[in-house]
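Heads up, the thing below is written out as structure tokens.
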Amino acid sequence: MNDIDIDTSQGSHVTWVDCQWCCAPIVLSVTISPFDDTLESVTLGRDDDA
């Protein structure tokens, strides 16, 4: 299994990373708590998901 580094200093954000196995783009949606700056959720998706 591969790891993905999450930068929580950016606050909540959406970013793209390349799959380490096939190089396909993966959309990461990162949600940071506005109250205590902790990681609330990370959602992964394909670039072409609607």
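The values are calculated or read from the model by the stated rules, or taken from the named source; none is laboratory data. Note that the coordinates shown come from a computational prediction; the quantities given were computed from them, not determined experimentally. When we count neighbours, we look across all protein chains shown, and the Cβ atoms used for this are built from the backbone with ideal geometry, even at glycine. All accessible areas refer to the heavy atoms of the entire protein, side chains included, with ligands and DNA or RNA removed. Shrake-Rupley method; radii C 1.70, N 1.55, O 1.52, S 1.80 Å.
See the values below:
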| item | result |
| --- | --- |
| Accessible area, probe 1.4 Å, largest first, for residues 28, 39, 44 | 44, 39, 28 |
| Convex hull volume per residue for the chain, taking Cα atoms only, in Å³ | 81 |
| Loop-located chymotrypsin sites (Phe, Trp or Tyr not before Pro) in the chain whose Cβ has at most 12 other Cβ within 10 Å (DSSP) | 21, 35 |
